[in-house]
Amino acid sequence: MIKLAPSVLAADFARLGEEIASADMSNADWHHLDIMDGHFVPNISYGPGVVKTINKITDKFLDVHLMLAEPEKYFDPFIEAGADAITFHIEVHPNPTRYLAELKEKHVLAGLSLNPDAKAEQVIPYLEQTDLLLVMSVFPGFGGQSFIESSLDTVTACRKYIDDNNLDCLISVDGGVGPKNAQQVADAGADILVMGSAFYKADDRKDLADLVHSIQRGNI
Ligand code: DX5
Ligand code: ZN
């Protein structure tokens, strides 16, 4: 089953508790948490304190996406806050082996992300050590941007490598994903669809979660 990970960045922060509860009630699978430092990306979001608060009110899997210039400094605070997966960028650590190993030792899923202008070849050598590959389909920093189609080539190439080598690595796609391109993104090989604006602005969040759960790869 294809999983849906609503991105909290697009939620109404004045009603954060209700928004998280609504995502849970919609049957969405994970919560995607975007952490931005104003250095690696030109925006600042929130930190471990907010993640800890969210962890208190949901039992769902917390998928923490670190858009940070020094992500390893913050592994422990986010793990203590309740992260189940921690993802950092290949752009920050072109040789990510020791950081992926550190995350596995700390019993969270070890996630690696790449920007839309990166090549699949940059991450392929590390997929065996990676639990979760987060393919960015927008340049990170802001929600609500348009999907960059060429990211699907990265998804396809990484899916093929994972399948050919029988690896245990999930692929998630993040940025500009919504009901209109969900099937296409799944067909390219995604296991998890991150949706910020498409989820939190949806007329019916449960319908959207049902739609994602009904997707079978290869229906096009
Ligand atoms: C972008 C973030 C995304 C973003 C997705 O920097 O990593 O997770 O919140 O939002 P939408 O789905 O609105 O593009
Ligand atoms: Zn993200």
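The values are calculated or read from the model by the stated rules, or taken from the named source; none is laboratory data. Bear in mind the structure is a predicted one, so any value in this text is a computation, not a measurement. Cβ placement follows ideal geometry from the backbone for every residue including glycine, while neighbour counts extend to all protein chains displayed. To get the accessible areas, we keep the full protein, side chains included, count just its heavy atoms, and leave off ligands, DNA and RNA. Shrake-Rupley method; radii C 1.70, N 1.55, O 1.52, S 1.80 Å.
Would you tally the residues in the stretch 155-174 being open to solvent by 10 Å² or more (accessible area, probe 1.4 Å) and either part of a loop (DSSP other than H, G, I, E, B) or more than 16 Å from ligand 2 (Cβ to nearest atom) (or both)?
11
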* Structure fact -> Selection from the stretch 182-195 of residues open to solvent by 20 Å² or more (accessible area, probe 1.4 Å) and closer than 22 Å to Pro140 by Cβ yields Gln184, Asp191
* Asked: What are the residues in the stretch 116-140 that are more than 13 Å from the chain's Cα centre (by Cα) and part of a loop (DSSP other than H, G, I, E, B), if any?
  -> Pro116, Asp117, Ala118, Lys119, Thr130, Phe139
* To do: Only residues that are part of a loop (DSSP other than H, G, I, E, B), under 15 Å from the mean Cα position of the chain (by Cα) and among the aliphatic types (A, V, I, L, M): list them for the stretch 185-218, please.
  => Ala190
* **Among the candidates Ser146, Ser113, residue that is under 22 Å from Lys3 (Cα atoms) and either part of a helix (DSSP H, G or I) or open to solvent by 40 Å² or more (accessible area, probe 1.4 Å) (or both)** => Ser146
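Restricting to the stretch 86-110, and then to whatever is among the hydrophobic types (A, V, I, L, M, F, W, C) and in a loop (DSSP other than H, G, I, E, B), can you tell me which residue is farthest from Ile124 (Cα to Cα)?
First, the residues of the stretch 86-110 that are among the hydrophobic types (A, V, I, L, M, F, W, C): 86, 88, 90, 92, 100-101, 103, 108-110.
Subsequent filtering for residues that are in a loop (DSSP other than H, G, I, E, B) retains 90, 92, 108.
On the way: Ile90: 11, Val92: 16, Val108: 21 Å.
Per the criteria, the residue is Val108.
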* To do: Check whether at least one residue in the stretch 91-109 is farther than 22 Å from His31 by Cα, surrounded by fewer than 19 Cβ atoms within 10 Å (Cβ to Cβ) and within 16 Å of ligand 2 (Cβ to nearest atom), and report yes or no.
  => yes
* To do: Give me the pairs, please: first residue somewhere in the stretch 177-193 and at positive phi, second residue anywhere and aliphatic (A, V, I, L, M), beta-carbon distance under 7 Å, and either six or more positions apart or on two chains.
  => Gly189/Val155; Gly189/Ile171
* **Ile220 modelled with pLDDT under 95 and not basic (Lys, Arg)** => yes
* To do: For the stretch 27-44, enumerate the residues that are buried (at least 19 other Cβ atoms within 10 Å of the Cβ) and in contact with a Leu (Cβ under 7 Å, 6 or more places away or on another chain).
  => Ala28, Asp29, His31, Leu33, Asp34, Ile35, Phe40
* Structure fact -> Out of (1) of a type in the set (A, V, I, L, M, F, W, C); (2) under 22 Å from Ile192 (Cα atoms); (3) not in a strand (DSSP E or B), the one Ala69 does not meet is (2)
* **Tally, over the stretch 126-143, of residues that are open to solvent by 80 Å² or more (accessible area, probe 1.4 Å) and either free of Cβ contacts under 8 Å to residues at least 24 places away in the same chain or away from ligand 2 (no atom under 15 Å from the Cβ) (or both)** => 1
